[in-house]
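Have a look at the structure below before the remarks.
The values are calculated or read from the model by the stated rules, or taken from the named source; none is laboratory data. Remember, predicted model here, so these are calculated numbers, not experimental data. A quick note on method: Cβ atoms are made from the backbone with ideal geometry, for glycine too, and the neighbour counts reach across all protein chains shown. Just the protein is used for accessible areas: all its heavy atoms, side chains included, with ligands, DNA and RNA removed. Shrake-Rupley method; radii C 1.70, N 1.55, O 1.52, S 1.80 Å.
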Amino acid sequence: MTKRKNNNSIEEIERENLILKTKVKHLTNDLHLTRQENETSTKNYFEIYSDMERKVEERTRQVKELQKQSQQAKKLESIGTLAGGIAHNFNNLLMGIQGNASLMLVETNSGHPHFEKLKTIQKLVRNGARLTKQLLGYAREGQYEIKAISLNQLVRETSGTFSTTRKEISIHQELADDLYVIEADLGQIEQVLLNLYINAAEAMPQGGSLLLKTMNVTHEDMKDKCYKPKQGNYVLFSLTDTGVGMDRKTMERIFEPFFTSRGLGNGTGLGLASVYGTVKAHGGYIDVYSEKGHGATFKIYLPAIGMKPKKEKNADTDVMKGRETVLLVDDEDVVADVGDQMLRKLGYEVLVARSGKEAIQYYEPKRDKIDMVILDMIMPDMNGGEVYDRIKEINPYAKILLSSGYSIDGQAADILERGCDGFIQKPFSMEVLSGRIRKILEKRNDRLS
Amino acid sequence: MALEEERYEKISKIIELVDRSEISSIQSVVSGVIDVINDPQSSAKDLKDIIEIDPPLTARVLKVANSAYYYSLRKISEIQHAVIWIGFDVVKEIALSQKVCEVFDQDETISGYSGSSLWKHSIAVALLGKMICRREFGERGENAYAAGLLHDIGIIVENQFLENDFIDILKKAEHEKKNLSVSEYEALGYTHTDIGKMLTDHWSFPEELVVAIGNHHNPDKAPQEFSKFASTLYIADYLCQERGIGYSDAPFCDPGIFRKCLKRLDVKGYALDLIVKDMEKEISMMEDQGLFQYDKAKKQ
Ligand SMILES: Nc1ncnc2c1ncn2[C@@H]1O[C@H](COP(=O)(O)OP(=O)(O)OP(=O)(O)O)[C@@H](O)[C@H]1O
Ligand SMILES: [Fe+2]
Ligand SMILES: [Fe+2]
Ligand SMILES: [Mg+2]
């Protein structure tokens, strides 16, 4: 074998050599390329890795932001509850003042030097009441008188009034033609608009312009918000000013009650708190966009309904007297006393019960004599709801007017739904009280005749 | 020139049909991967996005990536893992071949031809073309791989849109002992290389690919700048047919052209022998792993 190879193999060896050389070349090339490829794979590995890292970071940031927002919301809510409680008590005090002033006014003729002072007291009480109303609105208890309203009309009216007082501000409007109707408390939404106008004006002491827009939108248009809007149609009201704007820190706090950047004594810091409460109570949402030095935009989304607005007349203007018998139920002595006197002034026979139990005790034997009951919602022993049910058991036709320092909240709405005849919010004036009473008593008369 | 024009018209009509057929559904993924191959800036993320837009493809790529052929040390359940564990370039190849093979799903055998035999041929040409580039030229050979997979796509088009003619063409080539191109030219006035060229041009593939596919039976006619690439494809096509791997559309080819190509590339026969041997090993390994069995999987 060896011999043979030796003999005729120069050629063969050369050939083998060639093949080996080729193999080496092939292996070298392959190795080189493989190394390159490994490098790109490693590079890709790190790219993918850092991409994932970036994503994790981003998610973490998002989670933190959401946590912060929910903390903020919780804080607002607890402050709201507190504010609501204070407002409730405060309202009862105002009720007493209002009532006493009313009574004195009735006995004072207009020439008397105290007449104007009494009027002023009444006016101040009304202002105080407005303040507590805002607080109540903020506390989300306030669902006042809900009816279908046209936001466009309200924007036109309020901005018209407002512009006459602030000539240095030019107002522009872009109102959608076929804006959906909303279901809301006219007075409260009016307050919301006015609060926003006033804030905007305060942000533009040297004047500027104000752009008011309305628009139909859906929950789809409200994506990318920190809240999840309920599905459905919304009416968007947006207000953009060219004022001083605000930084992020300020923006985070503006809806807190008592937060103000305008210094103590100038601002109460309740404006936006009540705006927030009102919007929330209406099932709506509010957003703010601003940059320091570049103006601010507030956006309010209110749930839309498909209805047309209808006109409603105001029945609370004049004092209307009557002679019927009224059972007044209230656990607060001031309210009971003042109410008693007011009713008497209006000509009514009055029975006063200072608790739920007492109310039933009085009502039972005199059911035929008592024409209507004015019933406080919140009482310690037996609350308005229970008293209501008991009276209705005794007399299914009993006429009952609910009264409360809170506005129509869940409880009151519940009773109203069960067939109660009306609701009156404390503190009430003689005019309002007389109007509500007549409305209810005359309804009965209609039915009987 | 009139003849040229007529031919152009005819093929254009076929391409219109292709545009409305399933064949065009491979275009976006295939062009996408080819773009990734030819763009040095592109990353694994680009590739991942291209593949993942096509869930069945993603599933098949992962299946192939997990097969013993690629001996990954881990189970691969995401494209990005595949990139990491078996390599960016390998994933490009798998994606390309898995997508292209979707259109080779014709199983019936006529005169030695079937979709799957042509597919085996195409994979072999792709692999061999790539290996020649790598081992002989020290180049990555990814375009050669793509060209190999697609060079005979014109045959698939004929099979689908000129069905009766195509059967006649196959039979005629068999009886008269001619290359398929000759029989095609006699019947149609053009060949599968013309269709392949126009189709890949229509799909905006890189010119190198378009030219090589259009000249894979006559690489001498390719313009100078693409001559090396076209010749490589020719050599790979020639050798696979010589070794009888899969379908052969040119059993009577001209050794003169082959020799010219070897000279042009300065590649020696014994060097090619070494490469072909390795390629055959790879192919039989793939076959053992069932990697040619896409058809069955699809029909389940
Ligand atoms: N349009 C606005 N541009 C810039 N800052 C605003 C704007 N609106 C509100 N703010 C900021 O939000 C704070 C809170 O507003 P909010 O209405 O609650 O209270 P206020 O205006 O300070 O007091 P009040 O409304 O009781 O007079 C403001 O003090 C101000 O810093
Ligand atoms: Fe061919
Ligand atoms: Fe071929
Ligand atoms: Mg304000």
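What percent antiparallel are the DSSP beta bridges of the protein assembly as shown, to the nearest 5?
Values: 30 of 55 bridges.
The answer is about 55 percent antiparallel.
Test of understanding: in a Gaussian network model of chain A with alpha carbons linked when under 10 Å, which of A:ALA129, A:ALA176, A:ALA201 would top the mean-square fluctuation ranking?
A:ALA176
In degrees between 0 and 90, to the nearest 10, how far off the longest principal axis of chain B does helix B:269-288 point, with axes built from Cα atoms?
Approximately 60 degrees, to the nearest 10.
What's the local net charge at A:THR28, with K and R +1, D and E -1, over the other residues with C-beta under 12 Å away? Could you put the intermediate results ahead of the total?
On the way: positive: A:LYS21, A:LYS23, A:LYS25, A:ARG35, B:ARG134, B:ARG135; negative: A:ASP30, B:GLU136.
Here the charged neighbours net out to +4.
Under a plain spin-label model, where a point goes 7 Å from the Cα along Cα-to-Cβ, how far apart in nm are A:ARG35 and A:ASP287?
5.6
Quick check: from the Cα gyration tensor, does segment A:325-441 come out rounded (a/c under 1.5), prolate or oblate? Present the calculation step by step, with values, prior to reporting the outcome.
Details: a/c = 1.24, a/b = 1.08, b/c = 1.15.
It is rounded, given that a/c, with a ≥ b ≥ c, falls under 1.5.
Quick one: with all protein chains in place, what share of the accessible area of segment B:152-300 is carbon or sulfur, to the nearest percent (1.4 Å probe)? Could you put the intermediate results ahead of the total?
On the way: 3350 of 6940 Å².
That fraction is 48 percent.
Counting only protein heavy atoms, what percent of the accessible surface of segment A:151-305 is carbon or sulfur at a 1.4 Å probe?
The nonpolar share, carbon plus sulfur, comes to 51 percent.
Restricting to Cα pairs below 8 Å that are 6+ residues apart, what does the relative contact order work out to for chain B? Please round to a whole percent.
Numbers: 370 pairs, mean separation 52.5, N = 300.
Relative contact order of chain B: 17 percent.
What is the dipole size for segment B:40-133, taken about its Cα centre, with +1 at each Lys and Arg Cβ and -1 at each Asp and Glu Cβ, in debye to the nearest 20?
Numbers: 10 positive and 11 negative charges, 78 e Å.
Rounded to the nearest 20 debye, it is 380 debye.
Calculate, in nm to one decimal, what A:ASP368 and A:THR60 gain on full extension: separation in residues at 0.36 nm each, minus their alpha carbon distance.
Details: separation 308, 0.36 × 308 = 110.88 nm, distance 6.95 nm.
103.9 nm is the gain from fully extending A:ASP368 to A:THR60.
Mind pulling the angle between the C-alpha long axis of helix A:186-203 and the longest principal axis of chain A? Nearest 10 degrees, somewhere in 0 to 90.
60
Considering only protein heavy atoms, what per residue accessible area in square angstrom results for segment B:9-299 with a 1.4 angstrom probe?
Value for segment B:9-299: 42 Å² per residue.
Please give the contour-minus-distance gain from A:GLU190 to A:ASN17: 0.36 nm per residue of separation, less the Cα-Cα distance, rounded to one decimal in nm.
Numbers: separation 173, 0.36 × 173 = 62.28 nm, distance 9.96 nm.
This chain segment gains 52.3 nm when fully extended.
Within 10 Å, at most 14 other Cβ atoms, and a DSSP state outside H, G, I, E, B define an exposed site. Report the longest part of chain B free of exposed trypsin sites (Lys or Arg not before Pro). List each step's numbers first, then the result.
Working: sites that count: B:ARG20, B:ARG74, B:LYS75, B:LYS177, B:LYS268.
Counting only loop sites that pass the neighbour cut-off, the longest clear stretch is B:76-176.
Quick one: helix A:10-107 against the long Cα principal axis of chain A, what's the angle to the nearest 10°, folded into 0 to 90?
10
Considering Cα pairs under 8 angstrom that are at least six residues apart, work out the relative contact order of chain A and quote it in whole percent. Mind dumping the intermediate values first?
Numbers: 688 pairs, mean separation 66.4, N = 449.
This gives 15 percent for chain A.
How much accessible area does A:MET215 have with a 1.4 Å probe, in Å² rounded to the nearest 10?
A:MET215 exposes around 80 Å² with every protein chain in place.
Need one value: the accessible area of A:GLU157 in square angstrom, 1.4 angstrom probe, rounded to the nearest 10.
100
Just how large is the dipole of the protein assembly as shown about the Cα centre, in debye to the nearest 20, putting +1 at every Lys and Arg Cβ and -1 at every Asp and Glu Cβ? Each step should come with its number before you reach the end.
Working: 99 positive and 113 negative charges, 510 e Å.
Using only the charged Cβ atoms, the result is roughly 2440 debye.
Quickly work out the B:GLU186-to-B:LYS281 label distance, labels modelled 7 Å from Cα along the C-beta direction, and quote it in nm with one decimal.
In this crude spin-label approximation the distance works out to 4.3 nm.
For B:GLY87, what charge total do you get from the other residues with a beta carbon under 11 Å from its beta carbon, if Lys and Arg give +1 and Asp and Glu give -1? Provide the component values of the computation, followed by the final result.
Working: positive: B:LYS92; negative: A:GLU37, A:GLU39, B:ASP89, B:GLU93.
Here the charged neighbours net out to -3.
Measure up A:LYS55/A:LYS228; A:LYS23/B:LYS263; B:LYS172/B:LYS268 against 29 Å on the Cα-Cα distance and list the ones that go over.
Details: A:LYS55/A:LYS228 23 Å; A:LYS23/B:LYS263 20 Å; B:LYS172/B:LYS268 36 Å.
Beyond 29 Å between Cα atoms: B:LYS172/B:LYS268.
Show me you know the interface measure: the accessible area buried between A and B, both chains summed, probe 1.4 Å, in Å² to the nearest 100. Working shown, then result.
Details: alone 26320 and 14140 Å², together 38580 Å².
In total, chains A and B hide about 1900 Å² from solvent.
Return a whole-number percent for the relative contact order of segment A:325-441, with Cα pairs under 8 Å and 6 or more residues apart as the contact set.
Numbers: 187 pairs, mean separation 26.2, N = 117.
Once normalised by length, the contact order is 22 percent.
Over segment A:151-305, average the accessible area per residue using a 1.4 Å probe and give it in Å², no decimals.
Working: 7510 Å² over 155 residues.
Counting only protein heavy atoms, the per-residue value for segment A:151-305 is 48 Å².
Taking the dipole about the Cα centre of chain B, with the C-beta of Lys and Arg at +1 and of Asp and Glu at -1, give me whichever of B:LEU262, B:GLY32, B:SER248 is farthest to the positive side.
B:LEU262
Average partner chain C-beta neighbours within 10 Å, per residue of A:40-50? Walk me through the numbers before you get to the answer.
Details: counts 7, 10, 3, 3, 11, 7, 1, 5, 10, 2, 0.
Shielding by partners across A:40-50 averages 5.
Roughly what would the spin-label model give for A:ASN395 and A:HIS112, points 7 Å off Cα along C-beta, in nm?
Here the answer is 3.5 nm between the modelled labels.
Work out which residues of segment B:241-278 lose at minimum 20 square angstrom of accessible surface when the other protein chains are put back, relative to the chain isolated, with a 1.4 angstrom probe, and list them by number.
By number: B:TYR270, B:LEU274.
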